[in-house]
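Working notes, beginning with the structure itself.
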Amino acid sequence: MNLSTHRNNKKILIAVNTSGNSRRAVSYVSKILRGFSGFHVVFLHVIDPPEEDYFSCRAEEEKWMVQHGIEIDRRLDEYRQIFIREGFDPKALSLRKTLRYGPSVAECILEEQHRLGCGTVVVGRQALSRSEEFLFGSISSKIVSHAKDCTVWVVE
Amino acid sequence: MKTMPNQTSVRCMIQRWFPNYPNARVVEIHTDTTDFFRVGYDDVVVLGERAYFIRHNAKEGRFGLDDEEKFWVKRAFDLADGSRKIIKLVFHERFSSRIGDIEFECFRSPRKEARILELVGDHKNFMSGYAIPDEKGNIVRVLDFIYGKPLSILIEDIQSNHETYFHSEFPAILERFVGCIRAIRFLHEHEEKHGDIRRDHIIVDRENEHYRWIDYDFNYRQRENIFSYDLFGLGNILIFLVGKGDVLLSNLRREKHPALHRIRADDVNIVFHNRVADLRKIYSYIPENLNRILLHFSRGANWFYESTDQLLEDIETYRNSVEKIESRLKSDTTGPEENPPKIRLKERFADESIDPS
């Protein structure tokens, strides 16, 4: 595939977590694309565990990872079911999880978008105040400003 | 010291540095620091091959609580050479912190501080020390005491008025603070963050006047940008230094300051809405290119610094512009008695400024 032209393909990456923003984004895309054939949707979750120092011991960290894994698997399946209920072929839906690498979740998402050759990235907008966005950053804002060779949908 | 010190050897070591220490007193010797409340004044903590004589608990003001005692942080003396130390014991504290109207989860991190101590070594802009596990594996940090005062106190102690300060003392202070920003850049390049950048976490080392960061054990649940909280801290300190202290709206109102009517909602600090960020509206001689840097930390900012490199670049641009102007002034033939450089500098910036109103 010529990656420089994949912005025109029908492969869509929806970056999700367990928040209501993600559910809204998933629901929106499923309704917009309903009835159209040829789309392939990847639900991507970037696992962002607390730093090791957050946990007092390794066992506590492992427990967190297991519990988070169970929760996110459940959510990913829920999102998949939303699309199936809208008539999508289950074979056209993929689930993907990756551990955060590097200092930015947004950069991980864009890296995965590039690696998977997705022409569109979808993300839900967090309801952050300006102060919060300033102090901690905004995934959707960073995706919008750093995305290349693709289309970005930010769902409110 | 290859064997565990006993009462006699420990008392000998103590009396070497504290000759008045009573001979008969039984010394409590700790090799397990898990319960830091049990490690008290006059006790000795043995870590590896070194023994430390414990004195008072450290105190610090934080978030409105002045002089809160930190029971896990002990002042001490190294009994091998009599040097002063700060010993930080393990305290896995998790708490909710509030800054402005934002609440976020924080935690203490001995491992983070240990990593940073190893990373920075003898770097002149960081406190130095080392980390060592005690008998139970608690990661204890032994820090070299820095003789000096916090940068915040240094600034507050400056007696001159703002204009004199800005032209005479601020340039050297800024240069040293730039060293601190570069030091934070060094951490970020190694994927570490300071985590608690505050004006009282820079100590001005009395021996060499270096500005040195302290306290790296504070950490928080990071979100999208793991360095932006550090950048916010740097911006706050820069505004503090440019303003020779915080310029508070409440003080301006109390003084019925003539600039008050020019201050807009967008001119205040993006998080601390009682602090003015657009300092040029108060001190018109602050150059526009410096003020623009401060505005990146204001409520009206539409773009935020994403890295220390970006902040440093803008500060260097400002500093270069000041140097150019100063060297132009020096090359003028007019004598200093007739035209003092400071006034001419102000006139120069007035020429290049944009009327803030």
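Tell me the strands (runs of 3 or more DSSP E) entirely within the stretch B:1-80 that contain at least 2 residues that are at pLDDT below 95 and open to solvent by 20 Å² or more (accessible area, probe 1.4 Å).
Strands (runs of 3 or more DSSP E) meeting the threshold: B:50-62, B:65-78.
Go over the candidates B:N302, B:N274, B:N291 one by one and state the one that is surrounded by fewer than 16 Cβ atoms within 10 Å (Cβ to Cβ) and either at pLDDT 90 or above or in contact with a strand residue (DSSP E or B) (Cβ under 8 Å, 6 or more places away or on another chain) (or both).
B:N274
Mind listing just one residue for me: the one in the stretch B:81-100 that is out of contact with any helix residue (DSSP H, G or I) (no Cβ under 7 Å at 6 or more places or on another chain) and at the interface with chain A (Cβ under 9 Å from one of its Cβ atoms) and, of those, most open to solvent (accessible area, probe 1.4 Å)?
Among them, the one singled out is B:R94.
Within the stretch B:130-228, considering only strands (runs of 3 or more DSSP E) that don't extend past its boundaries, which have at least 3 residues that are more than 14 Å from every other protein chain (Cβ to nearest Cβ)?
B:139-144, B:148-150, B:202-205, B:211-213
When B:C106 is evaluated against the numbered criteria (1) closer than 22 Å to B:I146 by Cβ; (2) within 14 Å of another protein chain (Cβ to nearest Cβ), which criterion, by number, is the only one it fails?
So the condition that B:C106 fails would be (1).
Pairs under 9 Å by beta carbon, first residue under 18 Å from B:G243 (Cβ atoms) in the stretch B:174-186, partner of a type in the set (S, T, Y) and not in a helix (DSSP H, G or I), six or more apart or different chains?
Once the first residue is under 18 Å from B:G243 (Cβ atoms) and sits in the stretch B:174-186, its partners that are of a type in the set (S, T, Y) and not in a helix (DSSP H, G or I) give B:R176/B:Y211; B:F177/B:Y211; B:C180/B:Y211.
Of all residues in the stretch B:217-265, count the ones that are over 30 Å from B:I139 (Cα atoms), in contact with a Lys or Arg (Cβ under 9 Å, 6 or more places away or on another chain) and among the aliphatic types (A, V, I, L, M).
Residues meeting the conditions: 10.
Examine the stretch B:257-266 for a residue that is out of contact with any helix residue (DSSP H, G or I) (no Cβ under 6 Å at 6 or more places or on another chain), within 14 Å of another protein chain (Cβ to nearest Cβ) and surrounded by fewer than 22 Cβ atoms within 10 Å (Cβ to Cβ), and state whether such a residue exists.
The answer is yes, given that some residue of the stretch B:257-266 is out of contact with any helix residue (DSSP H, G or I) (no Cβ under 6 Å at 6 or more places or on another chain), within 14 Å of another protein chain (Cβ to nearest Cβ) and surrounded by fewer than 22 Cβ atoms within 10 Å (Cβ to Cβ).
So the check is Cβ under 9 Å with 6+ separation or different chains; which pairs have a first residue in the stretch B:91-103 that's free of Cβ contacts under 8 Å to residues at least 24 places away in the same chain and a second one that's open to solvent by 60 Å² or more (accessible area, probe 1.4 Å) and of a type in the set (D, E)?
Taking only residues 6 or more apart or on different chains, the pairs are B:R94/B:E105; B:F95/B:E105; B:S96/B:E103; B:S96/B:E105.
Report whether or not A:I82 is in contact with a strand residue (DSSP E or B) (Cβ under 6 Å, 6 or more places away or on another chain) and not hydroxyl-bearing (S, T, Y).
Against the criterion (in contact with a strand residue (DSSP E or B) (Cβ under 6 Å, 6 or more places away or on another chain) and not hydroxyl-bearing (S, T, Y)), A:I82 does not qualify.
Could you please tell me which pairs satisfy a Cβ distance under 7 Å, a separation of 6+ or placement on different chains, a first residue in the stretch A:110-135 that is more than 30 Å from B:D266 (Cβ to Cβ), and a second residue that is outside any helix (DSSP H, G or I) and among the aromatic types (F, W, Y)?
If the second residue must be outside any helix (DSSP H, G or I) and among the aromatic types (F, W, Y), the pairs left are A:T120/A:W153; A:V122/A:W153.
Which of the numbered conditions does B:L248 fail, given that it passes all the others? Conditions: (1) more than 13 Å from chain A (Cβ to nearest Cβ); (2) hydrophobic (A, V, I, L, M, F, W, C); (3) buried (at least 20 other Cβ atoms within 10 Å of the Cβ).
Here B:L248 clears every test but (3).
The values are calculated or read from the model by the stated rules, or taken from the named source; none is laboratory data. Computed from a predicted structure; not experimentally measured. For neighbour counting, all protein chains shown are included, and Cβ atoms are generated from backbone atoms with ideal geometry for every residue, glycine included. The protein model used for the area step is the full one, side chains on, heavy atoms only, and it has no ligands, DNA or RNA in it. Shrake-Rupley method; radii C 1.70, N 1.55, O 1.52, S 1.80 Å.
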